[in-house]
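Computed from the coordinates by the stated procedures, all read-outs in this text should not be read as laboratory data. Fair warning: this is a prediction, and the values are worked out from it, not measured in the lab. Every residue, glycine among them, receives a Cβ derived from its backbone with ideal geometry; neighbour counts consider all protein chains shown.
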Amino acid sequence: MADMVPLSLPRYARQGELMINVFVLQNGRLSQVNIDSRDDLARASPVWVDLTDPDEEERDWVRGIYGVTLPDEDEVKDIEASARYYEGDNGDLHLRSDFLLEEDEGESRVVTVAFILARNMLFSMHSDDLPVFRLVRMRARSRPGSIGDFKDVLLDLYATDVEYSADALEGIYQNLEEVSRSVLQKDFSDQDAAESLSAMAREEDLNGRIRRNMMDTRRAVSFLMRGRLLSSDQFDDARQILRDIESLDGHTAFLFDKINFLMDATVGFININQNKIIKIFSVASVAFLPPTLIASIYGMNFRVLPELSWSLGYPFALLLMIGSAVTPFWYFRRRGWLR
């Protein structure tokens, strides 16, 4: 987890820049080959060809040199199992896998990557530069012997995606701790409640994306295991990936429960604050009812009223109304109804 790349990613502007990353295998390490032209690509003997938002020219290069046809964007986004994991007519193996991408400003989304296993090479195509791919490239250069063939690269991508999702879950834990402290503070205003609900909604959305991402990774790894495409060591690595995903499932379920609890608590505090306001209006209406009654009595247009000719009648009526208003407030306060 310690060498996870930063979540903020640079935006690439094409402007003639090739987005083909070609890697060759040297002593168990991935070494990147600079590709500036079609001839450079033809001379390379890669184990992994990674394409970020390729244009038509780059697609033609891959098709002409390796005989591999890259799928269109609509084909990549198909969700049916028959469209995500299948073997082509020429024996090429096609996989579609989702990878989590956390962007700036706390936004997150899932990027679908098209994998093609053909001619002892791994071809990957995606619309955005992904931190998981950058981390795999960095690790493979620094850890000799970790990569044996193109299937090791694919399994390493899936394993790193699980680690990246685990780091994202840790971030959700930390953010929810801050939300918990805000919700449980003594003075919790409606504005605080609105900010807390907004934060919880973002974390719930990210948690859901992580859960979906792990489900998709589980399907892809299970497909490789069922197809008997892996060696014994790779099969063990795949089983470890599935165990890691299973452990993350428990964390996502716990986070869903925690988010629901915090949402219920926040809504409960909002209701309490609203009840306090309603209680104040109720007490005020009850307290001012006796003065209103007194004022109504002395406002009657009868010819004969006992206090009509009394010089102290007006001050007496005012004091009587004030006393009738203060007495209910005193009684309510003594009973603790104003707290």
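Quick notes on this structure:
- Under the Karplus curve 6.51 cos²θ - 1.76 cosθ + 1.60, θ = phi - 60°, whole-Hz ³J(HN,Hα) for the stretch 122-139, x wherever Gly or Pro sits: 10, 10, 10, 9, 8, 7, 10, 6, 10, x, 4, 5, 5, 5, 4, 5, 5, 5
- Student exercise, the chain dipole from Lys, Arg, Asp, Glu Cβ charges, in Debye to nearest 20: 2200 debye
- Normalised by residue number, the volume inside the convex hull of the Cα atoms of the stretch 21-139 is 122 Å³ per residue.
- When the chain is reduced to its Cα atoms, the Kirkwood hydrodynamic radius in Å: 25.2 Å
- Radius of gyration over Kirkwood radius for the stretch 208-339, both on Cα atoms: the Rg/Rh ratio is 1.64.
- Given charges at Cβ of Lys, Arg, Asp, Glu: the chain dipole, positive-most of Ser37, Met121, Ser146: Ser146
- Converting phi to 3J(HN,Hα) with the Karplus coefficients 6.51, -1.76 and 1.60 and the offset θ = phi - 60°, the stretch 50-64 yields 10, 10, 10, 6, x, 8, 5, 5, 5, 4, 5, 4, 5, 5, x Hz in sequence order, with x at every glycine or proline.
- For the chain, the longest principal axis of the C-alpha atoms and the axis of helix 289-298 are separated by about 40°.
- Using alpha-carbon coordinates, inclination of helix 190-226 to the longest axis of the chain, degrees: 30 degrees
- Taking only the Cα atoms of the stretch 153-192, the ratio Rg/Rh comes out at 1.36, with Rh defined as the Kirkwood radius.
- Helices in the chain, meaning DSSP H runs of at least 4 residues, each add -39500 (n - 2.57). Divided by all residues, the mean residue ellipticity at 222 nm is -20000 deg cm²/dmol.
- By definition, a body whose alpha carbon gyration tensor gives a ≥ b ≥ c is prolate when a/c is 1.5 or more and a/b is larger than b/c, and the stretch 178-238 fits this prolate description.
- Residue of Ala295, Ala287, Ala140 that the Gaussian network model of the chain assigns the largest fluctuation, springs spanning Cα pairs under 10 Å: Ala295
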